[in-house]
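Before any comments, here is the structure.
The values are calculated or read from the model by the stated rules, or taken from the named source; none is laboratory data. It should be emphasised that the depicted structure is a prediction, and the values quoted were computed from it without experimental measurement. Here the Cβ positions follow ideal geometry from the backbone for every residue, glycine too, while neighbour counts run over all protein chains shown.
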Amino acid sequence: MEQRRLGPVVGLGTWNTFGDDSATAASVVDAAVAAGCRVFDSSPMYGGAERSLGTALAPRRDEVSVATKIWAGSVEEGREQYARQLEWFGRVEIEQIHNLQSWEQHLPWLEREREAGSIDRLGVTHYAAGRFDELAQALRTGRFDVVQLPLNPSERDCERELLPLAAELGIAVIVMRPLGEGALVHRSPPAETLAELGVETWPQALLKWALSDERVDLVIPATRNPEHARANAAAGEPPWFDAEQRRLVERLAA
Ligand SMILES: NC(=O)c1ccc[n+]([C@@H]2O[C@H](COP(=O)([O-])OP(=O)(O)OC[C@H]3O[C@@H](n4cnc5c(N)ncnc54)[C@H](OP(=O)(O)O)[C@@H]3O)[C@@H](O)[C@H]2O)c1
């Protein structure tokens with residue numbers, strides 16, 4: 001799989017998929033790792049997902065990166081979340097402030113943890129275009145290494161300001177909702193059209209669409225199906241789409 005700044009370009013999200021179901025987490029994570037995925041995204045917001053992800057990653061912890069989040073209204077609560085993450089993951093490669101929640105309060109203590117070496121990169125996320133001005137303001141502080149935002153053919157607001165800004169500031173980009181929370185995969189174009197795009201499945205076309213923007217480092221599709229995890233990982237191989245192929249995917253997704 002192609003590698004960019006955060007490692008292999010297809011990772012795995014964990015919202016609303018396996019929760020605290022450790023058996024599902026283990027089978028999906030096994031399939032994703034075997035297919036070359038190395039970055040796993042979670043959050044205290046995702047029910048028991050951090051705990052089940054920690055158990056699933058434990059046998060190969062040195063080979064993978066954890067991208068999780070602090071989702072807390074106070075520093076005290078944020079520190080409690082971080083203490084549990086250290087128990088589950090040992091360290092956190094990418095620690096993100098979830099949905100900009102109290103980001104100005106959390107930044108100083110998270111920066112100290114990054115300096116101490118138990119966090120490699122600090123990130124910030126939001127899913128709503130209505131909060132992108134504030135997300136841009138957070139990036140302009142120069143204190144974040146990573147931003148996580150939505151990008152798929154139906155959600156392109158980040159192309160206006162955030163992607164150019166991230167590129168200008170050297171901030172790595174994680175794409176959430178690359179399949180539109182599953183809404184874009186309900187129907188698929190015919191096999192001939194997929195063959196024309198050089199992919200086997202429609203979700204692969206959508207993932208390649210996002211990864212064909214060179215400002216994107218990582219897509220994190222979520223699934224509770226090991227077969228889907230394997231198929232999604234295959235989208236991380238070049239060649240990438242040219243402008244015409246991207247437009248075709250946009251028309252097919254409309
Ligand atoms: N504010 C934030 O920080 C924020 C917000 C939203 C999301 N996120 C992160 O981004 C991740 C991804 O976003 P998302 O989970 O909202 O949506 P997504 O990855 O765009 O879509 C997930 C859905 O797509 C389906 N799917 C995945 N692969 C498939 C395949 N090959 N074929 C058919 N269906 C497939 C899954 O169902 P199956 O189980 O049937 O495969 C699931 O219902 C999240 O899990 C989370 O880690 C962060």
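Could you run through region 94-120 and say how many residues are within 15 Å of the ligand (Cβ to nearest atom) and under 20 Å from the mean Cα position of the chain (by Cα)? Write out each step before concluding.
If we filter region 94-120 for residues that are within 15 Å of the ligand (Cβ to nearest atom), which is where we start, we get 94-103, 106.
Subsequent filtering for residues that are under 20 Å from the mean Cα position of the chain (by Cα) retains 94-101, 103.
Number satisfying all stated conditions: 9.
Could you count how many residues in region 185-212 are touching a residue at least 60 places away in the same chain (Cβ under 8 Å) and either closer than 25 Å to residue 56 by Cα or buried (at least 17 other Cβ atoms within 10 Å of the Cβ) (or both)? First the steps, then the outcome.
If we filter region 185-212 for residues that are touching a residue at least 60 places away in the same chain (Cβ under 8 Å), which is where we start, we get 189, 207, 211.
From what is left, the residues that are either closer than 25 Å to residue 56 by Cα or buried (at least 17 other Cβ atoms within 10 Å of the Cβ) (or both) are 207, 211.
The qualifying residues number 2.
If a residue has to be assigned to a helix (DSSP H, G or I) and either within 15 Å of residue 151 (Cβ to Cβ) or in contact (Cβ under 8 Å) with a residue 40 or more places away in the chain (or both) to count, how many in region 213-229 make the cut?
Initially, region 213-229 is screened for residues assigned to a helix (DSSP H, G or I), giving 226-229.
Then keep just the ones that are either within 15 Å of residue 151 (Cβ to Cβ) or in contact (Cβ under 8 Å) with a residue 40 or more places away in the chain (or both); that gives 226-227, 229.
Residues in region 213-229 being assigned to a helix (DSSP H, G or I) and either within 15 Å of residue 151 (Cβ to Cβ) or in contact (Cβ under 8 Å) with a residue 40 or more places away in the chain (or both): 3 in total.
Please determine whether any residue of region 72-81 is within 12 Å of the ligand (Cβ to nearest atom), under 24 Å from residue 145 (Cβ atoms) and at pLDDT 95 or above.
Within region 72-81, the first condition is being within 12 Å of the ligand (Cβ to nearest atom), and the residues that meet it are none.
No, every residue in region 72-81 fails to be within 12 Å of the ligand (Cβ to nearest atom), under 24 Å from residue 145 (Cβ atoms) and at pLDDT 95 or above.
Name the residues in region 8-25 that are buried (at least 24 other Cβ atoms within 10 Å of the Cβ) and either assigned to a loop (DSSP other than H, G, I, E, B) or touching a Phe, Trp or Tyr at 6+ places or on another chain (Cβ under 6 Å) (or both), would you?
Once the filter is applied, which keeps residues that are buried (at least 24 other Cβ atoms within 10 Å of the Cβ) and either assigned to a loop (DSSP other than H, G, I, E, B) or touching a Phe, Trp or Tyr at 6+ places or on another chain (Cβ under 6 Å) (or both), region 8-25 yields 9, 11, 12, 14, 18, 25.
Can you name the condition, by its number, that residue 232 falls short on among (1) part of a helix (DSSP H, G or I); (2) away from the ligand (no atom under 13 Å from the Cβ)?
Condition not satisfied by residue 232: (2).
Name every residue in region 86-111 that is within 24 Å of residue 137 (Cβ to Cβ) and of a type in the set (Phe, Trp, Tyr), in order of residue number.
The answer is 103, 109.
Could you check region 31-52 and list, in sequence order, the residues that are crowded, with 21+ Cβ neighbours inside 10 Å and within 20 Å of residue 1 (Cβ to Cβ)?
Step one: of region 31-52, the residues crowded, with 21+ Cβ neighbours inside 10 Å are 31-32, 37-43, 46, 49-50, 52.
Answer for region 31-52, where residues must be crowded, with 21+ Cβ neighbours inside 10 Å and within 20 Å of residue 1 (Cβ to Cβ): 31, 32, 37, 38, 39, 40, 41.
Can you say whether residue 120 is within 24 Å of residue 234 (Cβ to Cβ), at pLDDT 95 or above and surrounded by fewer than 19 Cβ atoms within 10 Å (Cβ to Cβ), as far as the supplied structure shows?
Working: within 24 Å of residue 234 (Cβ to Cβ): no; at pLDDT 95 or above: yes; surrounded by fewer than 19 Cβ atoms within 10 Å (Cβ to Cβ): yes.
Taking the combined requirement at face value, the residue does not satisfy it.
Which residue pairs have Cβ atoms under 8 Å apart, sit 6 or more places apart or on different chains, and have a first residue in region 25-52 that is at positive phi and a second that is at pLDDT below 95?
Going by the 8 Å Cβ cut-off, the qualifying pairs are 47/19; 47/20.
Can you confirm whether residue 188 is within 13 Å of the ligand (Cβ to nearest atom), over 19 Å from residue 14 (Cβ atoms), touching a Phe, Trp or Tyr at 6+ places or on another chain (Cβ under 6 Å) and small (Gly, Ala, Ser)?
Details: within 13 Å of the ligand (Cβ to nearest atom): yes; over 19 Å from residue 14 (Cβ atoms): yes; touching a Phe, Trp or Tyr at 6+ places or on another chain (Cβ under 6 Å): yes; small (Gly, Ala, Ser): yes.
Yes, satisfied.
Please work out if residue 169 is closer than 30 Å to residue 50 by Cβ, without any contact (Cβ under 8 Å) to a residue 40 or more places away in the chain and away from the ligand (no atom under 16 Å from the Cβ). If you could, list the steps in order and put the result at the bottom.
Values: closer than 30 Å to residue 50 by Cβ: yes; without any contact (Cβ under 8 Å) to a residue 40 or more places away in the chain: yes; away from the ligand (no atom under 16 Å from the Cβ): yes.
In short, yes.
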